Amino acid sequence: MSENATNALRTSLLPIPRSALVLWINIALTVILAAIGLGVGFAQEGLPAQQVILYTLVIAALFLVTANYVTVVFETRSEWQAATTADEAEAQGARSRKVWRENRILVLAMAALLLLYLLLTAAIPEFRSIKNLIAFLVLELILLFAFKVSGYFASGRSAFIGLIVLGALIVISAFSIEGFLSGPNIKAILLFAAFLGIASVGQTMVALLGGLDLSIPFVIGSSNIALLFLITLGVPTGVAFAFILILGGVVGLINGLVSFRLQGQALIVTLGTGFAVAGFTQIMTSIGSQFAGNVFGTVPRWLSNLAAMNGRFFGLALPPTIIIWIVIAIVVIVGLRTTAWGRNLYALGGNRRSAALIGISEFRYWVGCYVISGVFAALAGSLLLGWSGGAFIGVGDPYLFTTLAAVVIGGTSLLGGNGGYGFTVIGVLVLQVLTSFLLGIGLEYEWQQFIFGLLILPMVALYGRSPHIRATV
Amino acid sequence: MPERAASSNAYLLVPIILIAVLVGTAVIRGPALVSPSGLGSAIIVAAPLILATYALMVLAVAGRGTVDLAVGPLLAFINVVVVKLSTAGLLTSPIATFIVAIGLGMAYQLLFALIVIWVRVQPIIVALSGFLALTGINLVILPRPGGVAPEFMSGWGLGTTIFSPILLILVLATLGWYVFTTTSFYQNLKMMGYDERAAWTSGIQTEIVRIGAHLIAGIYVGLGAICYTALISSGDPTQGQNMTLTAVTALVLGGVALSGGRGGVTGALLGAVSLWLIGYVLSTFNFGAIQAFMTQMIYGLVLVVSLLLTLLVPVIARRVSFVSPGAAFLVLGLVVVGIMMQVATADIYAAVPPAAVEAPLAARYFLIEPVRIATEGGGISRVQALSLLGALAALAFVVAARLIDAEAGARRMGLFLYVFIAVLTLGLFLAVAIQPDAQIFGGSR
């Protein structure tokens, strides 16, 4: 009985109450409302008659349907309650609990977002605009979409969610910031994404083995000043460039060798070598110079062309760094997926013991990953020299946790064995587009940091949760 | 400390040796350290770092690879909030300040624990998230260093005397941990850190234990923030990152296992003090323009080397089972105190011009007359020579006793250590009493 009633309620487009009296009351109310609407509409000067009639009709129709619907609901509810026995009430409770259990993260995330929006609105007067409200609503909708649809993906959920977030960000930015989709802005986003992406190659590889490399920012800064130092010494630029890459590899080698037996503490070991490398480089470049720690010189033309905003690539107005990044990304993604080396890396990250049993040398892969990390950090540092045109040891500092954030947001597990560089590319793009968006709406650097911090947690909570302890015993 | 020798506390060997070398070098290079104002300011400068390291230590013991990278920004956050409130005139009484500081620390750590427990994200990611968020919000609250600390703190940061309120906070925090180690909650914490699954299976409510560990860490961070506020007597939102990096380094130097289940305030204290001493020793050398880079490089190298040394600890502990950390601490402590006394008292005698030596050869070399021989370096007085001899004898005694103990197969030195320390302390007072003008550790130089 109750099932039928609810079914009827759901399927019929125009609900009709069973009692004729109530139906007539509803119709009468609608007519009265329409009359009032017409009266008010014509009382205002200057409104076209067609418009008044149209709106009155629409409102009257809507009111009629709503009133009827409400009546039907009230009618059926009493029957429903009468028919529901204790058992069914229990089942009902269980079902609602199940719905809550399945959707609680979504509800909580949306509530958190709402809270954040309200906070921002309350704190910053400039934030209160209709555009931001729309942007916020779009974000909530897309969150909903990401949650409900991503459940159907067996693997690559993080990539899917990342892409959704990326799409949402671009849509929101495009209509809340003027000139967001203009050529120069896209170029700038891609260029900074390229630097971050190149620096994150090693972090991704190392994370696939379950390690961390915090020496990246120090290697970036060191290679930045060391390259300019070598160039001012008169070393041919090409040779200097290659030499810096080799030095980066050497630092990575040291990292790998030292941290192999201390894998649980790779975070600290790499931090230590990073300190040592940064200090050593500055001492070396300070010898015979009166400007301690600062290197002055001119950056060769080809290097600035490589990375500067106005760089050209075979006539294309595109900095070659972006092309380099794309090539590196393709090589790394394909390499990790198809070569034996890449597959073995995943095997090792997933389970050391079984990997060792099929004859994979953990030592060689661990050290190899750190060497790659060092080389790419040095490459990023050298390219950054071309971008800025002057050497500065602190140029790597923003990359201390950003590379980690890019890897994590992309969806590579820090426990190893899961993820890939493709994910990191998505993470890098999300971070850069978000930065550009936050800059566009006029938020300062500190607010950007704050939002990055708050963003990482829900992103990881979507896909990177560890099992409950009772599931592991 | 005289627990099961050689096995459970062997990880303390590296920090003990490190700190002995460092204190020795520091005292020789910078004698100003051994004076009330030197020690007083040392305590005040090192206190925030020590307390931040304590907080990290508690979390590290709780396991799951928890390294709270946000400890520095959190400390800075409490600092800027307290300063902001005090500048606005809302925070004047000491009790309210302590409540605000500790409350903020505990609230953040509680949130951290709840996220780790319920959302089940790796702690390192929560920490990273907290680091970025707090660094950002600090700059929003206080865009640049400034503001004034609460009035009652004004005298705390001077560092003219050893016994300051800061020292009291430090001592209470350290003693508090030792009291805590006697509870069964601590046993549960250690077990959870070592093997969470085993702890859970054996009926420990790991959630509650984890929340408890985080709350303790929050208290330590709050106290650290108060010490930091007293030290700089203003607000500084920018030092969070440095504080995190140094505190993590100190944690590792102190031999606390990041994998969980092992650690205590002894190691954390030794690590933090060593780290501070490295900076102090380096500042006594004059590297000119490259001073900062040299410091940075040495920090890094010490960090890596001491990590590598911890790999050797099991080997050492197996080979020389009679070297317990307690005994090593005693022996090295004796040497260092000797150096300190020498440095603290040398000036008094150096002021006395060496007497001309006209005595016959035999008299000169058998030290009959005069007491002091005119040599190039610093001579030593009779009392100093006596105490030096005494110290050497004590050293020999300790080593011999330990060897005998080890030969006998005993696993602990037990009462012996306490008696020995009591005798030593008495001896020190005696030495001071004989030599009233020596101004040990004193000196208006």
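Things worth noting here:
- Selection of the range A:71-90 for residues being modelled with pLDDT under 75, closer than 30 Å to A:Leu29 by Cα and not polar (S, T, N, Q) yields A:Arg77, A:Glu79, A:Trp80.
- Per-region count, the range A:283-308, residues in a loop (DSSP other than H, G, I, E, B) and at pLDDT 75 or above: 6
- Matching residues in the range B:66-86 - criterion: being crowded, with 18+ Cβ neighbours inside 10 Å, more than 15 Å from A:Leu457 (Cα to Cα) and either of a type outside the set (A, V, I, L, M) or outside the structural domain of B:Gly147 (by TED's automatic domain parsing) (or both): B:Thr66, B:Gly72, B:Pro73, B:Phe77, B:Asn79, B:Ser86
- Scan of the range A:9-40 for residues that are in a helix (DSSP H, G or I) and modelled with pLDDT under 75, ordered by number: A:Leu9, A:Arg10, A:Thr11
Yes/no matrix, rows are residues, columns are (1) of a type outside the set (Gly, Ala, Ser); (2) more than 28 Å from A:Ala405 (Cα to Cα); (3) within 14 Å of chain A (Cβ to nearest Cβ); (4) part of a helix (DSSP H, G or I):
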{"residue": "B:Val140", "(1), (2), (3), (4)": "yes, no, yes, yes"}
{"residue": "B:Thr161", "(1), (2), (3), (4)": "yes, yes, no, no"}
{"residue": "B:Leu172", "(1), (2), (3), (4)": "yes, yes, no, yes"}
{"residue": "B:Gly203", "(1), (2), (3), (4)": "no, yes, yes, no"}
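- The sole residue among A:Val460, A:Val430, A:Val407, A:Val425 that is crowded, with 23+ Cβ neighbours inside 10 Å, at the interface with another protein chain (Cβ under 7 Å from one of its Cβ atoms) and in contact with a helix residue (DSSP H, G or I) (Cβ under 6 Å, 6 or more places away or on another chain) is A:Val460.
- Taken as a whole, the condition of being touching a residue at least 40 places away in the same chain (Cβ under 8 Å), aromatic (Phe, Trp, Tyr) and in a loop (DSSP other than H, G, I, E, B) applies to B:Trp156.
- Boolean, B:Ile117 is within 12 Å of chain A (Cβ to nearest Cβ), within 24 Å of B:Trp177 (Cβ to Cβ) and part of a helix (DSSP H, G or I): yes
- Residue that is surrounded by the most Cβ atoms within 10 Å (Cβ to Cβ) [pool: residues in the range A:433-457 that are within 12 Å of another protein chain (Cβ to nearest Cβ) and among the aromatic types (Phe, Trp, Tyr)]: A:Phe452
- Verdict on A:Ile333 being surrounded by fewer than 19 Cβ atoms within 10 Å (Cβ to Cβ), out of contact with any helix residue (DSSP H, G or I) (no Cβ under 7 Å at 6 or more places or on another chain), modelled with pLDDT of 90 or more and assigned to a helix (DSSP H, G or I): no
Conditions tested, residue by residue: (1) over 17 Å from the mean Cα position of the chain (by Cα); (2) of a type outside the set (Val, Ile, Thr).
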{"position": "B:Ile208", "(1), (2)": "yes, no"}
{"position": "B:His214", "(1), (2)": "yes, yes"}
{"position": "B:Gly224", "(1), (2)": "no, yes"}
{"position": "B:Tyr228", "(1), (2)": "no, yes"}
{"position": "B:Gly240", "(1), (2)": "yes, yes"}
{"position": "B:Thr246", "(1), (2)": "no, no"}
{"position": "B:Leu251", "(1), (2)": "no, yes"}
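- Close pairs from the range B:299-324: first at pLDDT 70 or above, partner in a loop (DSSP other than H, G, I, E, B), Cβ under 6 Å, at least 6 apart: B:Leu307/A:Leu262; B:Leu311/A:Arg261
- Of A:Gly411, A:Gly440, all but one fail to be among the small types (Gly, Ala, Ser), modelled with pLDDT under 85 and more than 11 Å from the chain's Cα centre (by Cα); the exception is A:Gly440.
- Per the listing B:Gly89, B:Gly103, B:Gly147, B:Gly63, the residue uniquely more than 14 Å from chain A (Cβ to nearest Cβ), touching a residue at least 12 places away in the same chain (Cβ under 8 Å) and at positive phi is B:Gly147.
- Filtered residue count, the range B:120-138, keeping only those that are part of a helix (DSSP H, G or I) and at the interface with chain A (Cβ under 7 Å from one of its Cβ atoms): 12
The values are calculated or read from the model by the stated rules, or taken from the named source; none is laboratory data. Model, not experiment: these values are computed from the prediction. Every residue, glycine among them, receives a Cβ derived from its backbone with ideal geometry; neighbour counts consider all protein chains shown.
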